[in-house]
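Each remark here refers to the structure printed beneath this line.
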Amino acid sequence: MVSLITWARYIVQKLDYSITVGWKNYKGGYITDSQLGDAIWKNLFQGKLTYLHSNRGEEVACGLGTFGGTLLVRRILDADPERVFVGDVVLLKDPESRENHLVRRLAAMEGYEMVSTNEEERPFVLDRDECWVLADDQKLKPRTFGPVSMADIVGRVIYSLKTAVDHGPVRNSHMGMMRDSPILEVELDVDEMAKNHKA
């Protein structure tokens, strides 16, 4: 049973997301000002803050396993330092193949100084709306594509299901886990994840 306080925290986050989606659609010209309120209410009452993502092979790189699984991903629009945090496991568009997605851990964001282990490379500071992601799994072949746009982040991975008995919350930053805890309590359905799991 979900507590009243958890429901309140969940509704606040859902309202924030609904307003962000509605405003983005309005600014993009997809809806008119008369449709904006309806879009916000519809998203608030019918939408979810999470979706299931089936991962494959090398895409999984954050200690989530290398044989695939089903991930519960919290939707994040307009990723910025107020919504994602260093240490979060994020789902992002593959910089080398835009139709694919990668699961990586957010290692640095705008303002961080990046220093290479190669002494010939000069240090640099990540620009506004840039981030650096890493794979936790050292066995994976490293893919270096330099700074990644924050706009490529589509969500934070909050739960992982590898098998019916091997599943649990993903270790993210403290702030990310605090923000996602009401969402996990309200929207997590392990049976639904297992049903959609592709072994």
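Please find, in a Gaussian network model of the chain (springs between Cα atoms separated by less than 10 Å), the residue of Met178, Met150, Met109 whose mean-square fluctuation is greatest.
Met178
Roughly how many whole Å is it from the C-alpha centroid of the range 1-61 to that of the range 142-171?
Centre-to-centre distance over Cα atoms comes out at 19 Å.
Helix 4-27 against the longest principal axis of the chain: what's the angle in degrees, Cα atoms only, rounded to the nearest 10?
It is inclined by approximately 80 degrees.
Using DSSP to define loop residues, name the GluC sites (Glu not before Pro) in the range 77-169 whose beta-carbon has at most 11 other beta-carbon atoms within 10 Å.
Glu82, Glu96, Glu119, Glu120, Glu121
For the chain, set up a GNM with springs between Cα atoms under 10 Å and report which of Arg156, Arg104, Arg179 has the largest fluctuation.
Residue with maximal mean-square fluctuation among Arg156, Arg104, Arg179: Arg179.
Would you kindly find the accessible area of Ser181, with a 1.4 Å probe and non-protein molecules such as ligands, DNA and RNA excluded, rounding to the nearest 10 Å²?
Near enough 40 Å² of accessible area.
Round to the nearest 10 and report in Å² the accessible area of Lys14, as given by a 1.4 Å probe over the protein chains' heavy atoms.
Probe radius 1.4 Å; accessible area of Lys14 about 20 Å².
What 222 nm value per residue comes from the helices of the chain, counting each DSSP H run with n ≥ 4 as -39,500 (n - 2.57) and dividing by all residues, nearest 500 deg cm²/dmol?
Result for the chain: -9500 deg cm²/dmol, rounded to the nearest 500.
Got a sec? Charge dipole of the chain, +1 on Cβ for Lys and Arg, -1 for Asp and Glu; which of Val84, Ala135, Ile5 is way out at the positive end?
Positive-most Cα among the choices belongs to Ile5.
Taking amide hydrogens as modeled 1.01 Å from N in the peptide plane, which residues meet the under 5 Å criterion relative to Val154, leaving out close sequence neighbours?
Leu91, Leu92, Lys93
Whole-Hz ³J(HN,Hα) for each residue in the range 104-119, computed from phi via Karplus 6.51 cos²θ - 1.76 cosθ + 1.60 with θ = phi - 60°, x for glycine and proline: what do you get?
Residue by residue, the range 104-119 yields 9, 9, 6, 9, 7, 10, 3, x, 6, 8, 9, 10, 7, 6, 7, 5 Hz.
For the chain, what % of the accessible area comes from carbon and sulfur atoms, probe 1.4 Å?
The computed percentage sits at 54.
Using only the Cα atoms, what convex hull volume per residue in Å³ does the range 118-197 have?
158
Using θ = phi - 60° and the Karplus form 6.51 cos²θ - 1.76 cosθ + 1.60, what ³J(HN,Hα) does each residue of the range 44-53 get, whole Hz, x for Gly and Pro?
These are the phi-based 3J(HN,Hα) values: 5, 8, 10, x, 10, 8, 10, 8, 8, 10 Hz.
Looking only at Tyr30, Tyr112, Tyr51, which one moves most when the chain is put into a Gaussian network model with springs between Cα atoms under 10 Å?
In this elastic network of the chain, the residue with the biggest mean-square fluctuation among Tyr30, Tyr112, Tyr51 is Tyr30.
Rounding to the nearest 20 debye, state how big the charge dipole of the chain is about its Cα centre with +1 on each Lys and Arg Cβ and -1 on each Asp and Glu Cβ.
Using only the charged Cβ atoms, the result is roughly 580 debye.
Would you mind checking which residues have amide H under 5 Å from Ala108's amide H? H placed 1.01 Å from N; only 5 or more apart, or other chain.
Amide H neighbours of Ala108: Trp132.
Just to confirm, what accessible area per residue do you get for the chain at 1.4 Å probe, in whole Å²?
Result: 59 Å² per residue.
The values are calculated or read from the model by the stated rules, or taken from the named source; none is laboratory data. Just so we're clear, the structure is a prediction, and the values are computed from it rather than from any experiment. For neighbour counting, all protein chains shown are included, and Cβ atoms are generated from backbone atoms with ideal geometry for every residue, glycine included. To get the accessible areas, we keep the full protein, side chains included, count just its heavy atoms, and leave off ligands, DNA and RNA. Shrake-Rupley method; radii C 1.70, N 1.55, O 1.52, S 1.80 Å.
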